[in-house]
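The values are calculated or read from the model by the stated rules, or taken from the named source; none is laboratory data. Small disclaimer: the values here were computed from a predicted structure and weren't measured. Glycine gets a Cβ as well: all are built from the backbone with ideal geometry, and neighbour counts include every protein chain shown. Keep in mind that these areas ignore ligands, DNA and RNA; they rest on the heavy atoms of the full protein, side chains included. Shrake-Rupley method; radii C 1.70, N 1.55, O 1.52, S 1.80 Å.
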Amino acid sequence: NAYCNNMDWTGATNNPVLVGDAGYQIQLQGSITLATNLIADFTGDYSFSSTTINTINLQGVTLNGDAQLIGTGQWTLQNDFNSNQNILFNEGTFNTNNFNLSIAGFISNSSLTRNIDLSNSTIKTFGKSSALPIGSFLLGTDSTWVINSTNLTFNPGTSTIEMNSTSN
């Protein structure tokens with residue numbers, strides 16, 4: 001596992017590669033800024049744990065591990081968020097800031113206090129979806145949009161959510 005306060009790849013040259021296997025985590029206590037030339041071959045989880053205001057700036061890089069948002073902090077996107085895995089939002093504030101998401105799924109199944117602001121974003125999920133009755137959700141590998149409404153403030157804005165879209 002790797003631990004850091006903020007991860008900032010600004011100015012990195014020569015196509016750096018971020019590598020690591022599933023089962024490992026990059027644990028961030030703050031913000032992340034990737035370089036546009038970064039190759040993200042890391043397949044473990046990105047664990048964001050904070051009580052402060054943070055930004056997520058992927059610069060067009062697609063993540064290959066789950067992004068876990070843990071703690072009472074705030075995470076605001078600085079550009080589009082692309083991942084071949086899920087966003088797991090546990091607590092705090094998640095603001096898409098009018099940027100788009102292309103992800104396997106969005107799971108916020110916690111009953112902790114959460115604020116989700118989707119602004120004017122398009123969220124595309126491309127994981128498998130279970131055939132469920134309207135209004136019900138199932139947490140599992142076949143679900144692409146899982147929300148527990150307990151202690152949730154949800155601002156959909158004028159966003160669009162497309163389930164079972166094509167990836168990235």
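Only residues in the range 87-110 that are within 15 Å of P156 (Cα to Cα) count as the first member; pair them with residues that are of a type in the set (K, R) and open to solvent by 20 Å² or more (accessible area, probe 1.4 Å), Cβ under 8 angstrom, at least 6 apart or cross-chain, and list the lot.
N100/K124; L101/K124
Return yes or no: is L28 over 20 Å from N109 (Cα atoms), out of contact with any Asp or Glu (no Cβ under 6 Å at 6 or more places or on another chain) and not β-branched (V, I, T)?
Against the criterion (over 20 Å from N109 (Cα atoms), out of contact with any Asp or Glu (no Cβ under 6 Å at 6 or more places or on another chain) and not β-branched (V, I, T)), L28 qualifies.
Can you tell which of N84, N15 is under 20 Å from T144 (Cα atoms), open to solvent by 30 Å² or more (accessible area, probe 1.4 Å) and either at pLDDT below 95 or out of contact with any Leu (no Cβ under 8 Å at 6 or more places or on another chain) (or both)? Spell out how you get there, then give the answer.
Working: N15 fails: under 20 Å from T144 (Cα atoms).
After ruling out the rest, the residue left standing is N84.
Provide a single number: the residues in the range 34-48 that are touching a strand residue (DSSP E or B) at 6+ places or on another chain (Cβ under 9 Å) and surrounded by fewer than 17 Cβ atoms within 10 Å (Cβ to Cβ).
Here the count works out to 2.
Please tell me if Q29 is over 27 Å from T160 (Cβ atoms) and either at pLDDT below 95 or in contact with a strand residue (DSSP E or B) (Cβ under 8 Å, 6 or more places away or on another chain) (or both).
yes
Go over the candidates G60, G20 one by one and state the one that is of a type in the set (G, A, S) and within 15 Å of L101 (Cβ to Cβ).
Matching residue, one of G60, G20: G60.
Looking only at the range 108-122, which residues are modelled with pLDDT of 95 or more, open to solvent by less than 30 Å² (accessible area, probe 1.4 Å) and assigned to a strand (DSSP E or B)?
Those that are modelled with pLDDT of 95 or more, open to solvent by less than 30 Å² (accessible area, probe 1.4 Å) and assigned to a strand (DSSP E or B): R114, I116.
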